[in-house]
Amino acid sequence: MITNLARGVQSFTSNAFLVTGERPVLIDTGSNFDVVAAVREHVDDLEAVVLTHTHPDHIGNLEAVTTEFDLEPWCYDPSVDAVSSGHKIADGDTLVLGDDEYTAVHTPGHKDDHLCFYSREADVLIAGDLVFQNGSFGRTDLAEGDRATLIESIDRILEVVDEDLEAMHTGHGPSVTETPYEHIELASQMARRA
């Protein structure tokens, strides 16, 4: 099961997804709310915290989570100042999140260290800030942002995921559970027009 712990939070934060099952994992920690208490409402412990990327709204609560659960984060580049230590996830690596295996897909363009996670067996994409509902896509006006690279990353995700994708969990806004593949296709088109 995947639960957005930031749902309903009225502060500047990303979504923070708790994936429960055999291996409870937190995807992004969000910021400006007590994510530790939110985790504890669902599970007693975490096996890992995994980051889609290291923008402040996605890692603001990282220190609280790593301290409380005695973890080092998993991310694309654990040497970045925002993280300073942890475990590296390379493009194509496989991770168990909850009960399912997910493949890491390096998707820069919004930020150089951006990752998406896709499970073919669960038919789920964790998209971070690459794409959102209704064809929206990640900002490229921040440091490390690049529109052409973002378009390449969106197109790569379209090649990786199945057209009958069942769910897409995004870094902001609601998860997409009705025809998420079409939302990704629309994001690819919209990014080219903007």
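Give the residue, chosen from Val49, Val25, Val105, Val83, that is of a type in the set (A, V, I, L, M), touching a strand residue (DSSP E or B) at 6+ places or on another chain (Cβ under 7 Å) and at pLDDT below 95.
Unique residue meeting the criteria: Val83.
If you scan the stretch 56-79, which residues turn out to be among the hydrophobic types (A, V, I, L, M, F, W, C) and surrounded by fewer than 17 Cβ atoms within 10 Å (Cβ to Cβ)?
Matches in the stretch 56-79: Ala64 only.
Residue by residue, here is whether (1) surrounded by 16 or more Cβ atoms within 10 Å (Cβ to Cβ); (2) among the aliphatic types (A, V, I, L, M); (3) part of a helix (DSSP H, G or I) holds:
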| position | (1), (2), (3) |
| --- | --- |
| Ala122 | yes, yes, no |
| Ala127 | yes, yes, no |
| Thr140 | yes, no, no |
| Ala143 | no, yes, no |
| Ile154 | yes, yes, yes |
| Asp164 | no, no, no |
| Gly173 | no, no, no |
| Tyr181 | yes, no, yes |
| Ala187 | yes, yes, yes |
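I'm checking my understanding of the structure. Among residues of the stretch 52-67 that are touching a residue at least 24 places away in the same chain (Cβ under 8 Å) and touching a strand residue (DSSP E or B) at 6+ places or on another chain (Cβ under 8 Å), which one is farthest from Gly145 (Cα to Cα)?
Taking the candidates together, the pick is Val65.
If we only count helices (runs of 4 or more DSSP H) wholly inside the stretch 24-74, which ones have 2 or more residues that are over 14 Å from the mean Cα position of the chain (by Cα)?
35-40, 62-69
I'd like to know if the stretch 80-102 contains one or more residues that are touching a helix residue (DSSP H, G or I) at 6+ places or on another chain (Cβ under 9 Å), within 30 Å of Glu22 (Cβ to Cβ) and buried (at least 24 other Cβ atoms within 10 Å of the Cβ).
No, the stretch 80-102 has no match at all.
When only residues in the stretch 75-102 that are free of Cβ contacts under 8 Å to residues at least 12 places away in the same chain and part of a loop (DSSP other than H, G, I, E, B) count, which is farthest from Glu63 (Cα to Cα)?
Asp93
Please find, within the stretch 103-120, the residue that is surrounded by the most Cβ atoms within 10 Å (Cβ to Cβ) out of those that are among the polar types (S, T, N, Q) and either in contact (Cβ under 8 Å) with a residue 40 or more places away in the chain or under 13 Å from Val50 (Cα atoms) (or both).
Only one residue fits best here, namely Thr107.
The values are calculated or read from the model by the stated rules, or taken from the named source; none is laboratory data. What you see is a predicted model; the values in this text were computed from it and never measured. Cβ sites come from the backbone with ideal geometry, for glycine too, and all protein chains shown count toward neighbours.
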